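Enquirer: Structure in structure tokens, see below.
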Amino acid sequence: MSATAVESSEPNAPLIAESADVDSRATLGLSTRIWHLAQVREDAVIGDRCIIGRGAYIGPGVRMGDDCKVQNHALVYEPAVVEDGAFIGPAVVFTNDQFPRAVTPAGLLKSSHDWDAVGVTVRYGAAVGARAVCIAPVTIGRWAVVAAGAVVTKDVPDFALVAGVPARRIRWVGRAGVPLHPAGGGEFRCPRTGSLYIERDGVLSEADGTGLPEDR
């Protein structure tokens, strides 16, 4: 559905605040909300029931799934890919240039043709905490958590809690996002849901073999 659908009487059309800047070539899903002073650039695709907070920036061609939250003043630069159910905290930054320079070696102002953009990928259900910086190209694994203020320079495994500069895994987390408790024998239990997880060779998986939606 195009951004202009907000002007129609169609049920569940996107809601766009008057002060937001949404390019007419962007695509917004049903019931998605774009709040004050947010900017959504051309060819960005945002799924159903997403929330884009005040002052957030969604770059050209960014792909975002359903049920995502992008909090105030987060900067999601292209060509980022954000899967369903992901959380992007306040003032998070996704970079897209490995070797940034304003000018070429000859001293001329660089254009988009003078560098190759690389993106951050956020997998299903993952969360990136406030003011974290993700240095592209990196992938944040499914249900992983990036702590507030972390600087992510390497891929984050599924269910990992990473923190620090540079970010390192400090715990495992479950679907509820809280740290898991060791249960012995490579097993971990979620104190909130009671779900059991198993670690094998540095990889955590759900003990009951439950798959994510795209795995079923």
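Enquirer: Tell me which residues, restricted to the stretch 112-131, are among the charged types (D, E, K, R) and at pLDDT 95 or above. Walk me through how you get there before you give the answer.
Expert: Taking the stretch 112-131 and keeping what is among the charged types (D, E, K, R), we get 114, 116, 123, 131.
Hits for the stretch 112-131 are Arg123, Arg131.
Enquirer: So which of Ala176, Ala106 ends up being closer than 27 Å to Thr193 by Cβ and either at pLDDT 95 or above or of a type outside the set (Val, Ile, Thr) (or both)? Step through it out loud before you land on a result.
Expert: Numbers: Ala106 fails: closer than 27 Å to Thr193 by Cβ.
Checking each option against the conditions leaves just Ala176.
Enquirer: Tell me whether the stretch 117-140 contains one or more residues that are exposed (fewer than 15 other Cβ atoms within 10 Å of the Cβ) and either in contact (Cβ under 8 Å) with a residue 60 or more places away in the chain or on the phi > 0 side of the Ramachandran plot (or both). Give the steps one after another, and end with the answer.
Expert: Pass one, the stretch 117-140, residues exposed (fewer than 15 other Cβ atoms within 10 Å of the Cβ): none.
So far as the stretch 117-140 goes, no, none of its residues is exposed (fewer than 15 other Cβ atoms within 10 Å of the Cβ) and either in contact (Cβ under 8 Å) with a residue 60 or more places away in the chain or on the phi > 0 side of the Ramachandran plot (or both).
Enquirer: So which of Asp208, Asp155 is surrounded by fewer than 18 Cβ atoms within 10 Å (Cβ to Cβ) and under 30 Å from Ala44 (Cα atoms)?
Expert: Values: Asp208 fails: under 30 Å from Ala44 (Cα atoms).
The match here is Asp155.
Enquirer: Which of the residues that make up the stretch 8-40 are assigned to a loop (DSSP other than H, G, I, E, B), among the aliphatic types (A, V, I, L, M) and closer than 21 Å to Glu78 by Cα?
Expert: First, the residues of the stretch 8-40 that are assigned to a loop (DSSP other than H, G, I, E, B): 8-14, 17-20, 23-26, 29-32, 35-38.
Subset that is among the aliphatic types (A, V, I, L, M): 13, 17, 20, 26, 30, 37-38.
Those that are assigned to a loop (DSSP other than H, G, I, E, B), among the aliphatic types (A, V, I, L, M) and closer than 21 Å to Glu78 by Cα: Ala20, Ala26, Leu37, Ala38.
Enquirer: Filter the stretch 173-205 down to the residues that are within 18 Å of Ala163 (Cβ to Cβ) and touching a residue at least 40 places away in the same chain (Cβ under 8 Å) and list them by number.
Expert: Gly177, Gly202, Leu204
Enquirer: Of the residues Ala80, Ala91, Ala44, Ala86, only one is out of contact with any Leu (no Cβ under 6 Å at 6 or more places or on another chain) and without any contact (Cβ under 8 Å) to a residue 40 or more places away in the chain; which? Spell out the reasoning first.
Expert: Numbers: Ala80 fails: without any contact (Cβ under 8 Å) to a residue 40 or more places away in the chain; Ala91 fails: without any contact (Cβ under 8 Å) to a residue 40 or more places away in the chain; Ala86 fails: without any contact (Cβ under 8 Å) to a residue 40 or more places away in the chain.
Only one candidate qualifies: Ala44.
The values are calculated or read from the model by the stated rules, or taken from the named source; none is laboratory data. Remember, predicted model here, so these are calculated numbers, not experimental data. For neighbour counting, all protein chains shown are included, and Cβ atoms are generated from backbone atoms with ideal geometry for every residue, glycine included.
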